[in-house]
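Enquirer: Mind looking over this structure? Questions follow.
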Amino acid sequence: MLKNVYKMASKSFNVKFNNGLECPIIGLGTWKSKPGEVTQAVKDAIDIGYRHIDCAHVYGNEKEVGAAIAAKISEGVIKREDLFITSKLWNTYHRPDLVRGALETTLRDLGLQYLDLYLIHWPQAYKEGPENFPTDENGKIQFSDVDYVDTWKALEPLVEAGLLRSIGVSNFNHRQLLRLLEVATIKPVTNQVECHPYFNQARLKAFCEERGIKITAYSPLGSPDRPWAQPGEPQLLQDPKLKAIADRLGKTVAQVVLRYQIERGNIVLPKSVTKERIASNFQIFDFKLSAEDVALLDTFDLKNGRLVPMTASLGHKYHPFENDEY
C-alpha cells in the first residue's frame, strides 16, 4: 500500500524539460556507491518507487546498475520506458571522435539501447587515454585542451541517432553556459550542480531558469561521506536550525532538505545504499515547506559553502569554479 503511494507521488512530480520531455523530480544518486552494494540499492529503489537513476562512467559501477535494471525488467516490476536513466561523459572522452564510443561503452555497461539524459560531466577535459585521472610523475592531473563546445557539437548528432533523448551539462558556470548556448543547435535541458542549503546556487538557478535550463541538485544532503571532508567543516544534517524545522514537521532533517529542492523546482539526487534510508529519502511527497520555511532555508547559504571543489583540476583553463561569480 505504502509502495503504491510512493509510486503515485513520484509519477505526479515530474519536471518538464525545454524539449518537452519529462524527468522525475527525484532520482537515486549512485556516486560513491560501491559495485558490491549498488545493485541491491538500485533494486530497492525501483521497488520503493524511484524511476530516475543517476549514473556516470567515472563512478565505476554502471555494469552493476545495469544488472539491477535488467533484473527488475525481467521480474516485470518495470518496463524500460518507465525508467529515466542519466549518465555522464567523462573528462578523458571530450575529444569529438571519442564521444560516441564513450557513450556506447556506457550503454553496453548499463544494458540499454538509449539514455534518457547524457551530460558532459565537467567542462574541463583530461588527457585522452585509459586512465580516468591521468597524472604526471608529480601526481598532477594531465589536461587536454579540447573545447567543451566541440564536445557538445559531437553530442547533438547522437540525439538525432536515437541514442540519447536529452542532453545537458554538469558543473558548468554561467559564462560557460552562455558560450555553449551561442553555438548549440540543441539547448541543454539541465545543469547538474552541487546544491544544498549551505550552497543554494540561487544566482546560477535564476540564470538557468531565464534560459529554460533546469537545475539538478547533486549532494543535496551536503555529501557527509565525502572522503576529503576536514574536521570542523559544517555538517548540514546536524544543523540545529534544520532539526527544529524537521521536529516541527515530524520529518527527518534529510527529508526537509530534499523537500527544499522540490519546493524550488529543482531535480534532486539523494544517494544511499541503505534500503531504509533510500525509502526515507523518497517520503517527501506527503508534506510541504511553508514559504517562511523556504525563506529561512535560503538564509543558510554560506559564502564558501561549496563542498565538492574539484581541486584536482585547478589550473585548467575551463575549470568552472576558479574566478567564477556563479
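The numbers here are math on the coordinates, done by the rules we state, and not lab data. Small disclaimer: the values here were computed from a predicted structure and weren't measured. Positions of Cβ are generated from backbone atoms using ideal geometry, with glycine treated the same way; all protein chains shown enter the neighbour counts.
Enquirer: Determine the relative contact order of the chain: mean sequence separation of Cα pairs under 8 Å and six or more apart, normalised by residue count, in whole percent. Could the numbers behind the result be given before it?
Expert: Working: 559 pairs, mean separation 61.3, N = 326.
Relative contact order for the chain comes out at 19 percent.
Enquirer: Sum -39500 (n - 2.57) across every DSSP H segment of at least 4 residues in the chain, then divide by the residue count to get the 222 nm mean residue ellipticity, nearest 500. Mind showing how you got there, number by number?
Expert: Values: 11 runs with 122 residues, N = 326.
Result for the chain, helices only: -11500 deg cm²/dmol.
Enquirer: Right, next: What ranking do 256, 77 get, fewest neighbouring Cβ atoms within 10 angstrom at the top?
Expert: Details: 256 24, 77 12.
Starting with the residue having the fewest Cβ neighbours, the order is 77, 256.
Enquirer: Is there a quick way to get the dipole size of the chain? I mean about its Cα centre, with the Cβ of Lys and Arg at +1 and of Asp and Glu at -1; what is the value in debye to the nearest 20? Intermediate results must be reported in sequence, preceding the final value.
Expert: On the way: 41 positive and 41 negative charges, 145 e Å.
With Lys and Arg at +1 and Asp and Glu at -1, about 700 debye.
Enquirer: Tell me which residues come under 5 Å, amide H to amide H, from residue 89 once H is placed; ignore anything under 5 positions away on its chain.
Expert: Hits under the 5 Å cutoff: 119, 120, 121.
Enquirer: With a Cα-only, solvent-free Debye model of the range 208-311, what are the log10 I(q)/I(0) values at q = 0.17 Å⁻¹?
Expert: Each listed q corresponds, in turn, to -0.87.
Enquirer: While we're looking at this one, here's another question. Farthest toward the dipole's positive end in the range 284-323, which of 311, 294, 284, given Cβ charges of +1 (Lys, Arg) and -1 (Asp, Glu) about the Cα centre?
Expert: 311
Enquirer: For the range 181-240, state which chymotrypsin sites (Phe, Trp or Tyr not before Pro) are in a DSSP loop and have at most 11 other beta carbons lying within 10 Å of their beta carbon. Intermediate values should be presented prior to the final figure.
Expert: Working: sites: 198, 199, 207, 218, 228; in loops: 198, 228.
Here the chymotrypsin sites (Phe, Trp or Tyr not before Pro) that fit, given the DSSP loop and packing criteria, are 228.
Enquirer: With Kirkwood's inverse mean 1/r over C-alpha pairs for Rh, give me the Rg to Rh ratio of the range 1-127, two decimals please.
Expert: Details: Rg = 14.9 Å, Rh = 15.2 Å.
When Rh is taken as the Kirkwood radius, the ratio is 0.98.
Enquirer: Let me know the Kirkwood hydrodynamic radius for the range 150-224, please, with Cα pairs as the basis and the value in Å to one decimal. Intermediate values should be presented prior to the final figure.
Expert: On the way: mean 1/r = 0.0761 Å⁻¹.
Taking every pair of different Cα atoms in the range 150-224, averaging 1/r and inverting gives 13.1 Å.
Enquirer: What translational diffusion coefficient, in µm²/s and rounded to a whole number, does the Stokes-Einstein relation yield for the range 92-199 at 25 °C and a viscosity of 0.890 mPa s, taking the hydrodynamic radius as the Kirkwood radius over Cα pairs?
Expert: Details: Rh = 14.8 Å.
Answer, rounded: 165 µm²/s.
Enquirer: Per q in 0.12, 0.16 Å⁻¹, report the Debye log10 I(q)/I(0) for the chain, using one uniform scatterer on each alpha carbon and no solvent.
Expert: Listed by q, the Debye log ratios stand at -0.82, -1.53.
Enquirer: Run the dipole for the range 19-84 about the Cα centre, Lys and Arg Cβ at +1, Asp and Glu Cβ at -1, nothing else charged, and hand back the magnitude in debye, nearest 20.
Expert: Details: 8 positive and 10 negative charges, 25 e Å.
Its charge dipole is roughly 120 debye.
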